[in-house]
1. Kindly establish whether residue 75 is in a loop (DSSP other than H, G, I, E, B), in the same structural domain as residue 51 (by TED's automatic domain parsing), touching a residue at least 24 places away in the same chain (Cβ under 8 Å) and on the phi > 0 side of the Ramachandran plot.
2. Tell me the residue from 107, 130 that is within 26 Å of residue 229 (Cα to Cα), outside any strand (DSSP E or B) and within 15 Å of the chain's Cα centre (by Cα), please.
3. Pairs only if they're at least six apart or on different chains, beta carbon under 7 angstrom, first in region 4-25 and at pLDDT below 70, second surrounded by 11 or more Cβ atoms within 10 Å (Cβ to Cβ) and part of a loop (DSSP other than H, G, I, E, B); list them, first residue then second.
4. Would you check if there is a residue in region 74-97 being more than 23 Å from residue 245 (Cβ to Cβ) and modelled with pLDDT under 85?
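The values are calculated or read from the model by the stated rules, or taken from the named source; none is laboratory data. Predicted, not measured: the structure shown is a model, and the values here were computed from it. Methodologically, a virtual Cβ is constructed for each residue, glycine included, from the backbone with ideal geometry; neighbour enumeration extends over all protein chains shown.
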């Protein structure tokens, strides 16, 4: 339950349209709901402006489905990251309206439309980086941002990037997703004035050490204004980008 829903509920009590008992019933799951194997944070949308997101890795499909069902019952949008087909099947059985973004590995159920404001550009170095880029793109859209996707413009063919620069510069924040040596983040960071969030991926040959090489390269970028999140963390980059865009829009 977000701040707008709580305000609407309190206005209903004030106007006499909702009884105090009914309002208490709506609010009783705040700040969290204990379902045994999980404590669902229904207060998160009120604190952070976006409902709790389910991280599926390590959870059983049935657990994921139950958490999603409780979030939806509270009127919250459902977003589940690192989800596989089994998890989607379990969620779909309880919530028929759920959709599966396969490239992003995200399950989504929209219970309340989030107005779109501002734009985030999500840029990938290679096609192999698209799953992480899509995790970022779908998350940013769920957070209320318009998204411009610019994929497969890595430094091995840098002329491809230059053809897309105007599209990238039109965004309020840019997420750069790259594996191998992670050079694309420094290149883009040196060409734009927008905040740049770099996401190293685990794509690469042996000496990339599962993304560590790209992570260290991005951390050591000589381009000013480049921030770095963890390896393959498209979700974290998107949430940060959405907060930046929200500030750019006046915090609305």
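1. In short, yes.
2. One residue alone meets the criteria, 130.
3. Within 7 Å, the pairs are 5/75.
4. Looking through region 74-97, at least one residue is more than 23 Å from residue 245 (Cβ to Cβ) and modelled with pLDDT under 85.
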